[in-house]
Ligand SMILES: Nc1nc2c(ncn2[C@@H]2O[C@H](COP(=O)(O)OP(=O)(O)OP(=O)(O)O)[C@@H](O)[C@H]2O)c(=O)[nH]1
Ligand SMILES: [Mg+2]
């Protein structure tokens with residue numbers, strides 16, 4: 001049987017559902033998801049194999065205008081992710097092409113001119129009428145020669161079989177690179193740190209979650225449980241106050257939600273201990289960024 005295999009980068013502006021899409025294809029939570037833009041900070045990998053095709057996906061941070069050094073690191077992750085891949089999935093939403101979509105297209109034109117691009121219009125469940133979807137597609141078609149334009153809803157898995165078919169057809173004829181059930185690029189410590197950050201993004205509002213880095217300090221498999229100790233780093237005392245909450249209520253809620261989710265995903269009993277620390281302006285400090293894993 002002729003197999004197809006290739007590298008597929010999922011890119012687009014923040015909050016359009018890139019990570020939700022990767023999780024839907026992978027059938028599990030490989031990448032964290034939240035309702036706030038700026039959720040994904042690293043490239044997150046997953047290999048998906050169906051029938052005779054294998055896609056080696058990379059989820060990426062949403063592209064936006066960077067201000068802090070951390071944002072610039074995230075932007076570099078995106079730019080590099082489109083170089084030298086076999087296929088790009090540009091994900092957008094029901095809102096039409098906005099400034100950050102256009103910036104992403106410009107990056108693709110400069111960095112990945114020869115790479116086929118599938119435009120994935122996500123969140124179509126939020127669009128009520130077929131006519132509007134047709135208008136949306138028409139507008140996008142004028143901006144770039146996409147290999148295909150496919151409306152989907154990653155959350156409800158609608159349109160995913162057709163999207164998979166389009167991906168498979170766009171991949172080069174090649175042997176599979178990984179075994180069908182093999183995990184790729186899954187650093188458990190980083191993944192656990194991200195799961196904790198997901199709870200911060202869900203429970204804490206406004207700007208505070210964006211100032212949080214999670215660093216797993218201890219990750220120890222004991223006989224009956226997995227012991228995890230992690231630091232939550234913020235930039236200011238006021239942010240620490242919000243993260244800890246009245247009488248420690250917020251950090252307790254974050255810890256409980258994170259522990260339950262880690263237990264569910266790993267099917268293991270977990271002991272989780274969290275500490276909140278202040279490291280002034282860490283998002284603009286190169287040595288802190290490096291220390292926290294935001295390094296090229
Ligand atoms: N209504 C609707 N919501 C969706 C759909 N897919 C994702 N979402 C929601 O959109 C929000 C953002 O999803 P993410 O997957 O985190 O988006 P992202 O593009 O990875 O975001 P960044 O990592 O910040 O760039 C979450 O609240 C999701 O539940 C969809 O098909 N329909
Ligand atoms: Mg994401």
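The values are calculated or read from the model by the stated rules, or taken from the named source; none is laboratory data. Keep in mind it's a predicted model, so treat the numbers as computed, not measured. Here Cβ is always computed from backbone atoms with ideal geometry, including for glycine, and neighbour counts include all displayed protein chains.
Determine whether residue 39 is assigned to a loop (DSSP other than H, G, I, E, B), assigned by TED's automatic domain parsing to the domain that holds residue 102 and within 9 Å of ligand 2 (Cβ to nearest atom). Lay out the reasoning, then the answer.
Numbers: assigned to a loop (DSSP other than H, G, I, E, B): yes; assigned by TED's automatic domain parsing to the domain that holds residue 102: yes; within 9 Å of ligand 2 (Cβ to nearest atom): yes.
Answer is yes for this residue.
Would you pick out the residues in region 51-85 that are in a strand (DSSP E or B) and either under 13 Å from the mean Cα position of the chain (by Cα) or at pLDDT below 95 (or both)? Outline the logic, then answer.
First, the residues of region 51-85 that are in a strand (DSSP E or B): 53-59.
Matches in region 51-85: 57, 58, 59.
Identify, please: which residue in region 22-31 is in a loop (DSSP other than H, G, I, E, B) and within 12 Å of ligand 2 (Cβ to nearest atom) and is, among those, surrounded by the fewest Cβ atoms within 10 Å (Cβ to Cβ)? Talk me through it step by step, then tell me what you get.
Filtering region 22-31 for residues in a loop (DSSP other than H, G, I, E, B) gives 27-31.
This time we only want the ones that are within 12 Å of ligand 2 (Cβ to nearest atom), so: 29-31.
Details: 29: 18, 30: 24, 31: 27.
Ranking the candidates gives 29 first.
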(request) Return a yes/no flag: does region 92-100 have any residue that is farther than 24 Å from residue 162 by Cβ, at pLDDT 95 or above and within 13 Å of ligand 1 (Cβ to nearest atom). (result) yes
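Yes/no per residue for (1) more than 11 Å from ligand 2 (Cβ to nearest atom); (2) touching a strand residue (DSSP E or B) at 6+ places or on another chain (Cβ under 9 Å):
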site: 15; (1), (2): no, no
site: 33; (1), (2): no, no
site: 46; (1), (2): yes, yes
site: 92; (1), (2): yes, yes
site: 106; (1), (2): yes, no
site: 125; (1), (2): yes, yes
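Checking the conditions here, which among 9, 19 is more than 7 Å from ligand 1 (Cβ to nearest atom) and crowded, with 22+ Cβ neighbours inside 10 Å? First the steps, then the outcome.
On the way: 19 fails: more than 7 Å from ligand 1 (Cβ to nearest atom).
Residue meeting the stated conditions: 9.
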(request) Output the residue which, of all residues in region 109-153 that are in contact (Cβ under 8 Å) with a residue 40 or more places away in the chain and farther than 20 Å from residue 82 by Cβ, is surrounded by the fewest Cβ atoms within 10 Å (Cβ to Cβ). (result) 139
(message) Here is a check on your reading of the model: is residue 56 near ligand 1 (Cβ under 9 Å from one of its atoms), within 23 Å of residue 3 (Cα to Cα) and touching a strand residue (DSSP E or B) at 6+ places or on another chain (Cβ under 8 Å)?
(response) no
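This table checks each residue for (1) in a loop (DSSP other than H, G, I, E, B); (2) farther than 13 Å from residue 293 by Cβ.
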residue	(1), (2)
195	no, yes
201	no, yes
209	no, yes
224	yes, yes
231	no, no
